[in-house]
Amino acid sequence: MIRSILTASRYLVLAAVLGSLAASLALFAYGVAETAVVIVDTIAKADVSSKGGKALALAFIEIVDLFLLGTVLLMIALGFYELFIDSDLKLPEWLQIRTFDDLKNKLVGVVIVVLGVMFLGFVVAWDGARDLLGIGAAIALVIAALTYFLSMVKGGKSETAEKAGKSDGAGKGDLSGKDPKAGDRDGA
């Protein structure tokens with residue numbers, strides 16, 4: 001009885017999947033609406049100047065940031081679903097997540113891009129009053145730490161995969177209960 005309860009408990013992750021999916025959809029919809037508003041406002045104002053161009057660029061950078069955050073939430077939803085519920089989703093190879101390490105690595109990569117876009121927004125909006133060097137150094141330090149983390153995980157991944165292949169060959173990070181070696185994942 002306990003075993004069946006614990007086995008079924010993996011479906012609790014559906015709450016996180018649905019919540020992340022809804023949040024992702026909301027950010028994408030808001031980004032599309034914001035894009036339309038910015039374009040309509042730009043056409044209505046007809047302000048063709050360097051100041052207007054800077055404001056337009058900043059608005060679109062902020063919109064790209066919304067889409068990137070939506071992408072992060074979508075990746076979390078897909079990753080949790082693949083890890084806990086069904087590992088046979090038909091997704092492109094670059095979006096397939098087989099282990100928690102895969103999910104972490106993909107998320108860290110997207111966080112690095114979000115930080116870069118966020119700093120770009122600070123640069124475009126810079127009015128000379130804020131300490132841009134301090135903000136840039138802090139973001140660069142976080143990006144460097146995350147890049148180091150990725151290099152260490154990917155460097156140790158091949159050794160870990162070799163050891164796992166020699167021991168039992170099972171995908172220990174895949175909690176879906178399915179054999180990751182069984183069948184072709186994308187149906188191609």
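The values are calculated or read from the model by the stated rules, or taken from the named source; none is laboratory data. As the structure is a prediction and not an experimental result, all values here were calculated from the model. Every residue, glycine as well, gets a Cβ built from its backbone with ideal geometry; the counts of neighbours run over all protein chains shown.
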- Item | Hits in segment 97-134 - residues which are in a loop (DSSP other than H, G, I, E, B) and free of Cβ contacts under 8 Å to residues at least 12 places away in the same chain | Trp126, Asp127, Gly128, Ala129, Arg130, Asp131
- Return the only residue of Gly128, Gly116 being modelled with pLDDT under 90 and over 19 Å from the mean Cα position of the chain (by Cα). Gly128
- Task: Find all pairs meeting these conditions: Cβ atoms under 9 angstrom apart; at least six residues apart or on different chains; first residue within segment 138-155 and more than 24 Å from Phe122 (Cβ to Cβ); second residue not hydroxyl-bearing (Ser, Thr, Tyr).
- Result: Val153/Asp101; Val153/Lys104; Val153/Asn105; Val153/Val108; Lys154/Asn105
